[in-house]
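Asker: Let me give you the structure first, and then I'll get to my questions.
Please treat every number below as a calculation from the coordinates, not as lab data. Owing to the predicted nature of the structure, the values given are computational and were not obtained by experimental measurement. Cβ sites come from the backbone with ideal geometry, for glycine too, and all protein chains shown count toward neighbours.
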Amino acid sequence: MTRTTPPRPLDVASVFPELAAMSRTATRLHPRPGAPTVEVSSVGGPLLWPVEEAWPTCAQEHHARRLNTPEEVRTLRRILTQAWRHRNPDDGLLTREERAVVDRIHAGHDPHLLTADPHPLIPVAQLYARDVADLPFPEGTDLLQVLWCPFGDAIEGCSEAVQLRWRRAADVVTVLAVAPEPAYIGADDLVPTPCVLHPEQVREYPAAHEMDEELVTRVYRWEEGTTLSYRGDLSGAPGWKAGGWAAPYTFRDADEPDDLRCSECRSPTAPLLTVPSGEWDGESGSWRPAGDEPESDAPPYPGPSDPTQVTVGRGYTLQFYACTGDPGHLPLTVVQ
Ligand SMILES: [Zn+2]
């Protein structure tokens, strides 16, 4: 099923012609829970990984309030998804047996169980070039793989905790059958539920922090006479996306462009992947794709706007920036 973003209520460049030169395309990924294979683009799905290549690990020390195994995270989601789907309002949500399992998982394991051994990263996304025209695939590559270390204090910055692989799918002769998994997850909301993608290219304009201040002032003044929101309706697409403009900063001032340079070679970086805490929210509801209207009887868990069940911090967005000099350099990630 394809997902189609409704047309913008207004092309903002018709009101502010200077924005026309700043228009860019992005690829909305439209993840939906499914059973992706290594052959397709996915979020949280298995990676087409050559059996002879070491799986990336992170040897940094991380902290978590509780630990869960990857299997516990999957079990918890399976129980809650089933319970909400088959819920009988006269009974409680969970059976006594389910409640016991959920309570045990919520209690988690003692954070001191975390050893200093390097922990395998987990797959975040795998994107084939045929699905995402908006990614700068280095010559000779057609597959981007993104992995991270699922701890809240790990995913921001520039380190081995967040890694990219650009490869040529045809070079992978023997696929790794079973990927290593970390013994423990520090933040279960950094474990994407396996999703298939329905990529769609959309047109975007920059967030306010990448615009001339004088233009921002005029846009905000114009907004006051409308029901439209430049940030919510007219500029960047919400949700998981590749390329396009960076997400707006929502809880702090924007970084200076110099702060966003590649830490390996100091080249400028460009937005690569945007990992949100939901596909749309109250402000950006006009981007909700056709076919995703809420059904009155739809279970509230996991929720139509939360297919991947990833939450960044308190509902922020993790913006990936890739080196424009060498996309193989470590990406920079910023919570925005
Ligand atoms: Zn670089």
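Asker: Once you order the gyration tensor axes a ≥ b ≥ c over the Cα atoms, which shape class does the chain get: rounded for a/c under 1.5, otherwise prolate or oblate by comparing a/b with b/c?
Answerer: It comes out oblate by the Cα gyration axes.
Asker: Taking the chain as a whole, which cysteines find no other cysteine Cβ under 4.7 angstrom from their Cβ?
Answerer: Cys158, Cys195, Cys265, each lacking another Cys Cβ under 4.7 Å.
Asker: Ranked from highest to lowest mean number of other Cβ atoms within 10 Å per residue, what is the order of the peptides 101-108, 282-289, 270-277, 200-207? It would help to have the intermediate numbers written out before the result.
Answerer: Numbers: 101-108: 14.5, 282-289: 16.0, 270-277: 24.0, 200-207: 19.0.
Going from most to least packed, we get 270-277, 200-207, 282-289, 101-108.
Asker: Taking only C-alpha pairs under 8 Å that are 6+ residues apart, what is the relative contact order of the range 200-336 in percent?
Answerer: Once normalised by length, the contact order is 26 percent.
Asker: I've got another one for you. What is the chain's relative contact order, in percent, from Cα pairs under 8 angstrom and six or more apart in sequence?
Answerer: It rounds to 26 percent for the chain.
Asker: Which whole-angstrom value gives the distance between the alpha carbon centres of the range 74-137 and the range 241-303?
Answerer: Here the two parts' Cα centres lie 21 Å apart.
Asker: Please list 3J(HN,Hα) in residue order for the range 231-245, calculated via the Karplus relation 6.51 cos²θ - 1.76 cosθ + 1.60 where θ = phi - 60°; whole Hz, with x for glycine and proline.
Answerer: Along the range 231-245, the couplings run 5, x, 10, 10, 10, x, 6, x, x, 5, 8, 10, x, x, 8 Hz.
Asker: Between Arg168 and residues 5 or more places away or on another chain, which pairs have amide H atoms under 5 Å apart, with H built 1.01 Å from N, and which residues are they?
Answerer: Amide H neighbours of Arg168, under 5 Å, 5+ apart: Asp142.
Asker: Convert each backbone phi in the range 266-274 into a coupling constant with the Karplus relation 6.51 cos²θ - 1.76 cosθ + 1.60 (shift: θ = phi - 60°), then list the ³J(HN,Hα) values in order as whole Hz, x for Gly and Pro.
Answerer: Along the range 266-274, the couplings run 6, 5, x, 10, 9, x, 10, 9, 10 Hz.
Asker: Taking Cα atoms of the range 1-106, Rg/Rh with Kirkwood Rh, to two decimals?
Answerer: Values: Rg = 22.1 Å, Rh = 19.6 Å.
Radius of gyration relative to Kirkwood radius: 1.13.
Asker: Can you tell me how the range 217-331 classifies by the Cα gyration tensor, rounded, prolate or oblate, using a/c under 1.5 as the rounded cut?
Answerer: Oblate, since a/c reaches 1.5 and b/c is not below a/b.
Asker: In addition: Using modelled backbone amide H atoms (1.01 Å from N, in-plane), which distant-in-sequence or interchain residues come within less than 5 Å of Leu272's amide H?
Answerer: Residues meeting the amide H criterion: Gly243, Phe320, Tyr321, Ala322.
Asker: With a ≥ b ≥ c the root eigenvalues of the C-alpha gyration tensor of the range 87-159, is it rounded (a/c under 1.5), prolate (a/b larger than b/c) or oblate? Could you put the intermediate results ahead of the total?
Answerer: On the way: a/c = 4.03, a/b = 1.67, b/c = 2.41.
Verdict is oblate for the range 87-159.
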